[in-house]
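Asks: Let me give you the structure first, and then I'll get to my questions.
The values are calculated or read from the model by the stated rules, or taken from the named source; none is laboratory data. Quick caveat, the model's predicted, so the values are computed rather than measured. Backbone-built Cβ (ideal geometry, glycine too); neighbour counts: all protein chains shown.
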Amino acid sequence: MRSPIQLYGGGGVMSLFHVQEWFNVAFPSAHSLCVANLVERREQLIVGTLNGTLTVLDPGKESENRQEVANLVELHLGHPILQLLVGNFLPTAFDENVLAVLMPNSLLFLRLINTSESFACEQVFEHRIGGASAFNMCSGFFGRSVTLLLCVQNLQGVLHILEAENKVLQRLLPDILHPGPFGYSSISDSLVNADWIQPLGDIILQMIVLNISRSADEPSSPGAVQPSILVLCKRALHCFTHGGNPRFTIRLQTVALCVTVLSHWKDAHIPLCIGNGTKTVLFYSDTRLIWSGQLPFVPQHIGTCTFNDSLRSLLALLSDEGNLFIGYLGTEPSLFRMPVTESRFIDFESRKKELREFEEIIWRSGRESKDTNQQGIDVSIEVDDQSASFNAIDGVPSATLSISVNSEEEGRKSPSTVLLQTIGEGRLFLNQNILPRTAGVRPSMPNLHIVFGRNSFCQLLGPSLSLDSNRTALNISTMFPEFTENKDKTSLGLQPFFGDHNSAVSLFVSAKTNRYRIQSDSCDFLFAVLSSIVERVRRLQPEVQLRCPIPMHLFVTEIAKYIEAENQFLRLEKDACQMSVQMRQVETVFLGAAKSGDGEQSQLANIRMLLSYTYGELIESLDKMAGLRQLLSHEGRRSVRSLLNLMAALFELNELNLPFDGRILDGTDQRLNERIAQLLFPSEDELSADLNGAEIGRMLAGLLEKDCGKLGGIVEEDEDDEEGAEEEMLAEAIAKSEQSLGLADLKNGSLPARQLDEFIR
């Protein structure tokens, strides 16, 4: 009988929430991270790098000045650090925990010493690992021992059991091809190793063994968590019992990198936190996805840390670029609360009266409207202060006649000649003002047969646009006679002359649903085809109404990618400038030391090393800038310009006003995020220097809330029928408002502050 395995999808959630930064520090070549308690009853963070640098951090010591005073000890060991573990490995010598540092050929025991002014690391003992290089290690009470032991695994699959200063056992695992993650199960008193005996169908990245059954109140309660073994693979997370029976499996849509079990839970479910390659952390309760958050980097190690009662269960993450990041979910926690104020007198009668007035104003404002398009002719005549007489010896009084015509119709051309003739004695002068006319220039797209050639129809998997029409859909031969004459043809493939195979565009026509669908693997030519279709359909069907759903996720994602590339290019340019200045300074020092001849060989070697490092960093920054310059070049800007033009066309098709299109990229030195922020933000106080996908989506959502398009098909009722029921509807609206707020039974008097706050809310 097979054991049931529950399959659940996850890992493909695009979250709008970000993990908030609390502490951040960079460690080049960082490889291992350990969170444990070494001193002063709070957790510290230990970071090991492949350069052999060991750093102990304590951000919770002074949380206000954590960036300046968090570094306790920095020690250079000279060999790559593979793994870190903290525990009471030397119980006979010390009562506190010691740090075990695994290196390729040795295992060090270090002790953190607190002096009067600073901290220091003292080496207690060193084990030499013979044979092949070490790979990883784990700890446990092997063989029901009373002492915490260590087990080191090397690249040949040999296990070394170490107890304090003694080597207890050395054993080779049978039939092992490559070492992998392993752990210790105290339930069965055995080592759990990654092997192909249980086929998982994927590469094992990490293993976590839960030995103790815990729950919210009592460890022995019925809701305790069953001891389990968690195995993280690239595309799945498997959970087994200590007997090897599968409990559940989580299928992931993205590549997973690391996993941790949260330190606190309230029920029988295991709370998990999984970091994947899309800069996202996923929080699971067994197989149920409960939350997800975005990260500014790709995590390679994840854990939790607690510093005090107010800073508990913070996320400690190590990025692929060597950044140590400590963050939390949600907003900044409120550590202080306002004191409860004293009770005060509330006049509910005046509040009710004021509320009725507001309700009446709101109710009438939604029903009454003013006609601002009043048509008419305004005539005014004024005597000039200074005579405007022409060719007169003495000043002749003159008057100016002004005629203003207010009309929604288009202005007509007025005659430009005036006939003057004598009417009795004197002269008459007429000064005629021609009505101003506004001429609009609309750019027209070139004919499609100039840009595209006919191509064989192909089913594309890229973005698609669906045009819904209220008239019968036209066939391909009617809309595009230059490409086909077959009246029964419902699909057409177009290939740009100067584009690659990914730029092909497919057009489908559905006569049943009156829909036109445009599909392509690239957005570069969707705007040209969409504009041509809309223009031809409106020319052939003047009364047609076209609507198209707006793929906001596509637009926001592509714009955010381009903005991120611009920001990264600026950061790399700044780093390159700094490296150039540092390069010149190092060259100056090196040339001065070489000319003087007084410098020692060790000093010159250090200068050469710094020169080589600076040169490497400068070349790396320039290479990355060259890679981004291709994306930000003319072709990249052309793709973004086409995307913005397509976005503006779809907004206009749905009768929404978008204040920009692809022309915002022309004739300016500003970045795209600066132009978009200036056009979408109402004031300069809300301008954001660094825009991301979520910020762009929020701004576009605010724009759509202000301009919801036109509402058609609204039939107005007769005013005679409305006047009779207007007062009744107003009274009913005020009564419902008072009933929802609970003001009917309130009397004048005092009200506790807590109830008052609830009333105000």
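Asks: Mind checking which residues of segment 294-316 are farther than 16 Å from N24 by Cβ and not basic (K, R)? Spell out the reasoning first.
Replies: Step one: of segment 294-316, the residues farther than 16 Å from N24 by Cβ are 304, 306, 308-310, 312-313.
Correct list: T304, T306, N308, D309, S310, S313.
Asks: So, one more: If I filter segment 127-151 down to residues being aliphatic (A, V, I, L, M) and out of contact with any Phe, Trp or Tyr (no Cβ under 8 Å at 6 or more places or on another chain), which single residue comes out as farthest from F94 (Cα to Cα)?
Replies: A132
Asks: Tell me, please, whether a residue that is touching a helix residue (DSSP H, G or I) at 6+ places or on another chain (Cβ under 6 Å), surrounded by 12 or more Cβ atoms within 10 Å (Cβ to Cβ) and of a type outside the set (A, V, I, L, M, F, W, C) can be found in segment 574-585. Give the derivation first.
Replies: Going residue by residue through segment 574-585, those that are touching a helix residue (DSSP H, G or I) at 6+ places or on another chain (Cβ under 6 Å) are 575-576, 579, 582-583.
Those left that are additionally surrounded by 12 or more Cβ atoms within 10 Å (Cβ to Cβ): 575-576, 579, 582-583.
Narrowing the set further to residues that are of a type outside the set (A, V, I, L, M, F, W, C) leaves 575, 582.
Scanning segment 574-585 turns up at least one residue that is touching a helix residue (DSSP H, G or I) at 6+ places or on another chain (Cβ under 6 Å), surrounded by 12 or more Cβ atoms within 10 Å (Cβ to Cβ) and of a type outside the set (A, V, I, L, M, F, W, C).
Asks: Just the residues that are within 17 Å of I81 (Cα to Cα), in contact (Cβ under 8 Å) with a residue 40 or more places away in the chain and among the hydrophobic types (A, V, I, L, M, F, W, C), please, taken from segment 104-132.
Replies: Result: L107, L110, C121, F125.
Asks: Give me the strands (runs of 3 or more DSSP E) completely within segment 146-226, filtered to those with at least 3 residues that are buried (at least 18 other Cβ atoms within 10 Å of the Cβ), modelled with pLDDT of 90 or more and not aromatic (F, W, Y), ordered by residue number.
Replies: Ranges flagged: 149-154, 158-163, 204-210.
Asks: Across segment 44-65, what is the total count of residues that are over 15 Å from V101 (Cβ atoms) and under 30 Å from the mean Cα position of the chain (by Cα)? Quick ask: steps written out before the conclusion?
Replies: Of segment 44-65, the ones over 15 Å from V101 (Cβ atoms) are 57-65.
Filter once more, keeping what is under 30 Å from the mean Cα position of the chain (by Cα): 57-60, 63-65.
Matching residues across segment 44-65 total 7.
Asks: Let me ask another. Give the number of residues within segment 645-661 that are in a helix (DSSP H, G or I) and touching a residue at least 40 places away in the same chain (Cβ under 8 Å).
Replies: At the first step, the residues of segment 645-661 found to be in a helix (DSSP H, G or I) are 645-653.
Next cut, touching a residue at least 40 places away in the same chain (Cβ under 8 Å) only: 645-647, 649-651, 653.
Of the residues in that region, 7 qualify.
Asks: Return the residues of segment 69-90 that are surrounded by fewer than 19 Cβ atoms within 10 Å (Cβ to Cβ), modelled with pLDDT of 85 or more, out of contact with any Gly (no Cβ under 7 Å at 6 or more places or on another chain) and outside any strand (DSSP E or B); say none if nothing qualifies.
Replies: N88
Asks: Consider segment 460-502. How many of its residues are at pLDDT below 80, in a helix (DSSP H, G or I) and touching an Asp or Glu at 6+ places or on another chain (Cβ under 6 Å)?
Replies: 1
Asks: Test of understanding: among N606, N654, which residue is in contact with a strand residue (DSSP E or B) (Cβ under 7 Å, 6 or more places away or on another chain) and surrounded by 12 or more Cβ atoms within 10 Å (Cβ to Cβ)?
Replies: Details: N606 fails: in contact with a strand residue (DSSP E or B) (Cβ under 7 Å, 6 or more places away or on another chain).
After ruling out the rest, the residue left standing is N654.
Asks: I'd like to check something: does segment 547-564 contain any residue that is touching a residue at least 60 places away in the same chain (Cβ under 8 Å), under 21 Å from A649 (Cα atoms) and of a type in the set (D, E, K, R)?
Replies: yes
Asks: Still on this structure, I have one more. What number of residues within segment 20-62 are part of a loop (DSSP other than H, G, I, E, B) and surrounded by 15 or more Cβ atoms within 10 Å (Cβ to Cβ)?
Replies: 11
Asks: Sort out for me the strands (runs of 3 or more DSSP E) sitting completely within segment 291-386 that have 2 or more residues that are within 30 Å of K234 (Cβ to Cβ), modelled with pLDDT under 85 and over 21 Å from the mean Cα position of the chain (by Cα). First the steps, then the outcome.
Replies: On the way: elements: 299-305, 314-319, 323-328, 344-346, 376-383.
Counting at least 2 such residues, we get no strands (runs of 3 or more DSSP E) at all.
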